[in-house]
1. Report the Rg/Rh value for the range 336-462, based on alpha-carbon coordinates and the Kirkwood definition of Rh.
2. Tell me, what does the Kirkwood hydrodynamic radius of the range 383-428 come to in angstroms if you use every pair of distinct C-alpha atoms?
3. Given LEU307, PHE325, LEU279, which one lies farthest toward the positive end of the charge dipole of the range 260-405, if we put +1 on the Cβ of every Lys and Arg and -1 on the Cβ of every Asp and Glu?
4. In terms of modelled amide H atoms, which long-range or inter-chain residues lie less than 5 Å from the amide H of ASN283?
5. Ranking request for peptides 101-111, 399-409: highest mean number of other beta-carbon atoms within 10 Å first, then the rest in descending order.
6. So for the range 221-315, Kirkwood radius off the Cα pairs, Stokes-Einstein at 20 °C and 1.002 mPa s: how many µm² s⁻¹?
Amino acid sequence: MKWPSRPPNNSSSKPNSNKPSYPAASAASTSPPNGLLHPHQINLHTPTNTQPRAAELATSFPSSEDTDEEDEDTTLPPSIQHTNPDPKEARLEARDLPRYLLAKSLFDTREFDRCASVFLPVQIPHSTPGPQIPGPTRISLGSSQNQHKLPLSATRPKLNLKNNIPLGKQPDRSSTTLPTNLSQKSLFLSLYARYLSGSKRANEDPETILGPSDGPQTPNKALPLILATLEEYFASRGGLQDLTNSQGWLDYLYGLCLVRSSKSSDALAKQWLLRAVNLQPYNWSAWLDLASLVGSVEDMQQLSPHLPKNIMTLLFHVHINQELFQQTPEVFGTLEQLESIFPRSAWLMQQKATLHYHTRDHETAQQTFETLLRDHPGRLEGLEVYSNLLYILPDRPGLAALASLASDTDKFRPETNCILGNYYALLASHEKAILHFRRALTLDRSFQTAWTLMGHEYIELKNTQAAIESYRRAVDTNRKDYRAWYEGCGVVSGGSEDVGGGWGGVWEVWEGGECYSGF
């Protein structure tokens, strides 16, 4: 094999064409051979599968950085100097760079276990006991009347994170001990890869949708290890009170794991996610998880004073008001303000169309969705709302065209299957509609729209038991969506005889009349 090389600077030199020349690699050099792409240049030049190979070669060079000693005089790459003002953290990032590029390339190819093992090579059994997260009663947030008036620092509990795990349930500290001299960026990438690997396994475990063994979503078995590791990490750096030594990524991951953990407190998770969005305001995932903890307009009002004062907060307000089904003039004003900054934003156009749909301005909503489809024909996000609109009108040709476009774009998206389900529902082919809603939920069990629409179809088939279970699962996925509450309560108030026990059977299925708490 001959290495590709640039022409020599000396025009008089003539390479020997009979012998392949190989560049000499110095033992102390970590640069790729002359003419080869560096791993961070791969994305725009080569296929995805090339990235891990190039990154593996970059980490295979002998280096003096194999020791744990820090070199205060290390010359940092300009990119690291500019992105990290903390000299110590910048040196750690420079030291981790070859391995970080390898881990990132494995992450991009969805090899999450291999990505995590680059920096955390010890594989931990999934049965490792997790920490006991303090419940709401152990967190003093003040009364609901004046909580929003308090500064954020006053609402944070003083926790001794190391003592949250009761005796006899301590995780194996040999498995959760953090590696020495590991940058925050590298630790986040490794732990987040562990989280995604656990989520992938959890999604592969569930039974058939509404089958005999189908129940709540399978828990992520990687959460106990991640929570224990992050607990140890933050305990050594001052806990929740210290904001000076964090970049915001690990804070987000800790808040995310608290949200997903069945033993966690929403109040504690909210505090860590608030910390994350203040430290790293452009991490939209942190905003979305924070929004999942906001259950009412009052909650939003209490949260607003603690949010950063930047454009991300405006985007968050639009999103959370959509979640809470608020169509006030203030929401439209915020949307117009953002559209003046981003006049061609597909996301803002989708939010505008959805707002008009919820206000029953169907004509404006349809025009906005048509503009969105014309400008962004391959974008499927939010089009299940458009299919609901076409079903309501009803517009059979338009819904058929939308279903054809979505199928040609990607058949394995929950949005596509919801659109197809609505199309068959409009044709009164309820069995086929249910089949596509089931497919949507197989792809994403948290796709709340599919649960609600499937409940509608079971109502058409007079299968009240399955309809109520579908609405129950929709409410479990998103308790802020009034549609599942409304339809579920409609089934209860109808007193259907299809459920064993008549009124009592329906009442028992709908968890003791819980639906009335939403009205």
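All of the numbers you see were taken from the coordinates with simple rules; none came from a lab. Nothing here was measured: the structure is a model prediction, and the numbers come from that model. Backbone-built Cβ (ideal geometry, glycine too); neighbour counts: all protein chains shown.
1. With Rh from the inverse mean 1/r over Cα pairs, Rg/Rh is 0.98.
2. 10.0 Å
3. With unit charges placed on the Cβ atoms, the residue in question is LEU279.
4. none
5. Listed from highest to lowest mean packing, they are 101-111, 399-409.
6. Using the Kirkwood radius from Cα pairs, D works out to 158 µm²/s.
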